[in-house]
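This report refers to the structure that appears directly beneath it.
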Amino acid sequence: GEASPLEIDQINILQATMLAMRRAIEDLANRLGAWPDKALIDGNRCPELPIAAEAIVKGDAKEPAISAASIVAKVTRDRQMMSLHERHPEYGFAQHMGYPTEAHFAALKQYGACVNCICPRSTAVGATTPCPGCSRCCRASNTPTSSRRAPLNIPRRRHAGRGMAPRAYGASSTA
């Protein structure tokens, strides 16, 4: 799941991260046709969810499902950065991958905010401190996803048999 730069500016980076995690789990539920039994969250807070959730600090080092979700999120973001680099090589996305490096800020200062990858306005151009969201906010599209979604009517996953452990899915955000 993702949150747009506009949403980051409107609700702050923490709330946008929670929103992105909720969207990731909602998308998973839509694909499965049922809610997973539990969400494992990398961090110290959980988004509001209609299922059980567990926050695990440094979860990517402790829980294989979270490790896998973190890898998928990073690969997805890296692909977005490479796509942006192909369209806007002057920003150097292939080198800094959207992280708040000196090169990233120098490109923002020289060229202004990229039309297709607007960093949160509160931190992008002219920022004197690293943007906590830059590594997460640069997107291949600047079309914000609405934070108001219709409630999902997805049944909870039922266990196939006795003694079967509930399934847990890791969540990692690209917000």
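The values are calculated or read from the model by the stated rules, or taken from the named source; none is laboratory data. Treat the numbers as computed from the prediction; the structure is a model and nothing was measured. Cβ sites come from the backbone with ideal geometry, for glycine too, and all protein chains shown count toward neighbours. Please note that ligands, DNA and RNA were not included when accessible areas were found on the heavy atoms of the full protein model with its side chains. Shrake-Rupley method; radii C 1.70, N 1.55, O 1.52, S 1.80 Å.
A few points about this structure:
- Among the protein heavy atoms, those of Cys46 account for about 50 Å² of accessible surface (1.4 Å probe, every chain in place).
- The lysines whose alpha-carbon is closer than 17 Å to the alpha-carbon of Lys58, local same-chain residues fewer than 8 away aside, are Lys74.
- Cα shape, the range 1-97, gyration tensor, a/c 1.5 rule: prolate
- Note on Val57/His88: beta-carbon distance plugged into 1/(1 + (r/R0)^6) with R0 of 22 Å gives a FRET efficiency of 0.05.
- Straight Cα distances below 20 angstrom link Lys62 to the aspartates and glutamates Asp37, Asp42, Glu54, with same-chain residues fewer than 8 positions distant left out.
- Ranked from largest to smallest solvent-accessible area, with a 1.4 Å probe on the protein heavy atoms, Asp37, Asp60 come out as Asp60, Asp37.
- For the range 17-120, the solvent-accessible area of protein heavy atoms averages 52 Å² per residue (probe radius 1.4 Å; ligands and nucleic acids excluded).
- Residues Lys109, Lys74, Lys58 ordered from highest to lowest accessible area at a 1.4 Å probe: Lys109, Lys58, Lys74.
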